Amino acid sequence: MTSESSCRICGEAVAEFLDFGIQPLSDAFREPSDPAEEFTYRLAVGRCAGCGMVQLVNEVPREAMFHDDYPYVSRGSAVMREHFGALARRFLETELAGEDPFIVELGSNDGTMLATVAAAGVRHLGVEPSGDVADLSAAEGVRVRKDFFEESTALQIAESDGLADVIYAANTLCHIPYMDSILAGVRALLKPHGVFVFEDPYLGDIVERTSFDQIYDEHFFLFSARSVDEMARRHGLELVDVEHLEVHGGELRYTLALPGARRRSEAVGRWLSTEDSARLGEQDVLEEFAARVHAVRDDLVSLLSRLRDEGSRVVGYGATAKSATVTNFCGIGPELVEFVCDTTPAKQGRLTPGSHIPVRPPEAFRGGDGGAGGNGYPPYALLFAWNHAEEIMAKEQAFREAGGRWILYVPTVRVV
Ligand code: SAM
Ligand code: TMP
């Protein structure tokens, strides 16, 4: 592990504003019998004094996070499947409507987005280093290269497949510290009028909603329109469009192009001035955010401790990567949260990283003893997958009807 105190975009000093202490890897779900010591690192976040980019202070080696046992799959949410289907259809009608178009997706995961492109018979390539999830793409008819995207990969793709009309990345670019190599690769692989589109959790939403659990090993950068504008400029690209997305707790979708290739939309100026008026990214605003994070931790721990003392069972819902930060920062283990239910096969039967809470399939949520109204449900469910709240609450109506209550902690701790 390398300890970074200089910015991964411009090399200036990074001023730390929030320290979560020693943490495990957020997606390293453990076999209960595994005797190996867990990989840990110090999770802390800071802001660059030079270019304003908010980023982690320590960098975890990429091979420790993304490998053949990487458990996250895009298809786990119906809302996300629809989100990616809609975007693929939009690309097909616009950027990919010309002669022999070609799209490259970084972090294509299980092929959820590219499946629609493949079904339309359009040339595509997913670049995905995590072999297990990459293998799931084959059944979708999606072509994938099992590799990390970086400059050398981009040059090889340009050589073998030609230049791309669209390079796309969802919830992936913010995972990659080596941005100089990535953006050099993008410049080398993009057609002169092509676009590089990426979407990631938005710093503005994280600060506004105090969603501190968006900060973990894989989320190396917390992007904003201002910091991406600066990053693009420094790396020979231009930010030409910005769109806000409600998915994953609030994201921005950025469109970059080669300088002068595309007209800059009015949205860019609007987002930059909104962020400037909110002073998003200023040190005092980030320090106030850090103070709110500590208050949420205190409130959550005191609520869970009270419920335990009263003898009320609490079950977690969604073994998210985000929840690693919550449980390990707050000191929440199986004595406060009995188990976490999750639909992902690769997480079930394992223990959550660091906090060692058992992960069980969703059926366990309905099947416990002593539940609300004696029906098997627990009386309380801590919603770790709060970014999928609408989808989950709709599917778990029976839990509410049985008297079950949800515990939420974004933006503040409450029981609903
Ligand atoms: N795009 C999918 C989505 O939004 O659901 C998957 C996002 S997942 C959180 C991040 C993905 O990025 C993982 O599948 C990981 O293996 C991949 N990844 C990490 N580093 C990468 C790199 N350098 N090039 C391409 N993919 C990478
Ligand atoms: P994410 O917030 O990173 O997308 O992770 C969501 C996790 O929650 C993932 O492990 C899948 C799980 N999940 C469920 O268990 N049930 C659901 O209904 C949804 C939408 C997600």
Checklist line | Cα centroid separation - region 294-319 against region 140-191, whole Å | finding: 42 Å
Item checked: Cut-off under 5 Å, modelled amide H: who pairs with Phe17 long-range -> Val45, Gly46, Arg47
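Applying a 10 Å radius around every beta-carbon, put 191-199, 264-272, 276-284 in order of their mean neighbour count, most first. Display every interim value, and only then the final one.
Values: 191-199: 20.3, 264-272: 15.6, 276-284: 13.9.
Going from most to least packed, we get 191-199, 264-272, 276-284.
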Checklist line | Calculated diffusion of the chain, Stokes-Einstein form, Kirkwood radius summed over Cα pairs, 10 °C and 1.306 mPa s, µm²/s | finding: 72 µm²/s
Notebook entry, point to check: Using unit Cβ charges (K, R positive; D, E negative) and no other charged atoms, how large, in debye to the nearest 20, is the dipole of region 74-284 about its Cα centre?
Noted result: 520 debye
Next item on the list: Excluding residues on the same chain fewer than 8 positions from Lys322, give the lysines whose Cα lies under 24 Å from its Cα.
Entry: Lys347, Lys395
Next item on the list: Provide the per-residue ³J(HN,Hα) series for region 52-68, in order, calculated from phi with Karplus coefficients 6.51, -1.76, 1.60 and θ = phi - 60°, each as a whole number of Hz, with x at glycine and proline positions.
Entry: x, 5, 8, 7, 5, 8, 10, 10, 8, x, 4, 5, 6, 9, 10, 7, 6
Next item on the list: Please turn the phi angles of region 337-349 into ³J(HN,Hα) values with the Karplus equation 6.51 cos²θ - 1.76 cosθ + 1.60 (θ = phi - 60°), one per residue in order, whole Hz, x for glycine and proline.
Entry: 10, 4, 7, 10, 9, 7, 7, 7, x, 5, 9, 5, x
Next item on the list: Pull up all non-local amide H partners of Asp147: gap of 5 or more, or a different chain, and H-to-H distance under 5 Å with H placed in the peptide plane.
Entry: Glu128
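Highest mean first, how do 225-238, 99-112 rank when packing is the count of other Cβ atoms within 10 Å averaged over residues? Display every interim value, and only then the final one.
Numbers: 225-238: 19.6, 99-112: 23.3.
Averaged packing, sorted descending, gives the order 99-112, 225-238.
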Check: If you line up the long axis of helix 151-161 against the longest principal axis of the chain, both from Cα atoms, how many degrees apart are they, to the nearest 10?
Finding: 60 degrees
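Sort the following peptides by mean Cβ neighbour count (other Cβ atoms within 10 Å, averaged over residues), highest first: 243-256, 28-41, 393-406.
Numbers: 243-256: 19.8, 28-41: 12.9, 393-406: 15.4.
Answer by packing, highest mean first, reads 243-256, 393-406, 28-41.
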Check: When the helices in the chain are scored as -39500 (n - 2.57) per DSSP H run of 4 or longer and the sum is shared across all residues, what 222 nm value do you end up with, to the nearest 500 deg cm²/dmol?
Finding: -9500 deg cm²/dmol
Next item on the list: Of the options Phe84, Gln23, Cys48, report the single residue whose Cα projects farthest towards the positive end of the charge dipole of region 6-90 (beta-carbon charges: Lys, Arg +1; Asp, Glu -1).
Entry: Phe84
Checklist line | Positive-end extreme of charge dipole, region 74-284 - chosen from Ile182, Gly249, Gln283 (charges on Cβ) | finding: Ile182
Notebook entry, point to check: In degrees, nearest 10, range 0 to 90: what is the angle between the Cα axis of helix 283-310 and the longest Cα principal axis of the chain?
Noted result: 30 degrees
Next item on the list: Using a 1.4 Å probe over the heavy atoms of the protein chains, calculate the carbon and sulfur portion of the accessible area of the chain as a whole percent.
Entry: 49 percent
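Fully extended, how many nm does the chain gain between Glu16 and Arg400 (0.36 nm per residue separation, minus their Cα-Cα distance)? Intermediate results must be reported in sequence, preceding the final value.
Values: separation 384, 0.36 × 384 = 138.24 nm, distance 4.13 nm.
That works out to 134.1 nm of additional length.
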Checklist line | Dipole axis of the chain (+1 Lys, Arg; -1 Asp, Glu on Cβ), positive-most option in Val228, Pro379, Ala36 | finding: Pro379
Check: Expressed as a rounded percentage, what relative contact order does the chain have, with Cα pairs under 8 Å and six or more residues apart?
Finding: 15 percent
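If you put +1 on each Lys and Arg Cβ and -1 on each Asp and Glu Cβ, how big is the dipole of region 37-99 around its Cα centre, in Debye rounded to 20? Intermediate values should be presented prior to the final figure.
Working: 7 positive and 10 negative charges, 72 e Å.
Rounded to the nearest 20 debye, it is 340 debye.
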Item checked: J(HN,Hα) series, region 38-47, from Karplus relation 6.51 cos²θ - 1.76 cosθ + 1.60, nearest Hz, glycine and proline x -> 6, 5, 10, 7, 8, 8, 9, 10, x, 10
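Work out the length of the dipole vector of region 133-194 about its Cα centre, built from +1 on the beta-carbon of each Lys and Arg and -1 on the beta-carbon of each Asp and Glu, and round it to the nearest 20 debye. Display every interim value, and only then the final one.
Values: 5 positive and 9 negative charges, 20 e Å.
So the dipole magnitude of region 133-194 works out to roughly 100 debye.
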Notebook entry, point to check: Which of the cysteines found in the chain have nothing to pair with, since no other Cys Cβ lies under 4.7 Å from theirs?
Noted result: Cys174, Cys330, Cys341
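Keeping all protein chains in place, calculate the accessible area per residue for region 123-164 (probe 1.4 angstrom), answer in Å².
Numbers: 1860 Å² over 42 residues.
For region 123-164, the solvent-accessible area averages 44 Å² per residue.
With a 1.4 Å probe and every protein chain left in place, work out the accessible area per residue of region 229-301 in Å², rounded to a whole number.
On the way: 3390 Å² over 73 residues.
Result: 46 Å² per residue.
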Item checked: Cα coordinate range in region 74-284, projected on the principal axes (Å, largest first) -> 48, 38, 30
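The values are calculated or read from the model by the stated rules, or taken from the named source; none is laboratory data. The structure displayed is predicted, hence computed values, not measured ones. Neighbour counts run over all protein chains shown; Cβ positions are idealised from the backbone, glycine included. Quick note on the areas: whole protein, heavy atoms, side chains included, nothing else; ligands and nucleic acids left out. Shrake-Rupley method; radii C 1.70, N 1.55, O 1.52, S 1.80 Å.
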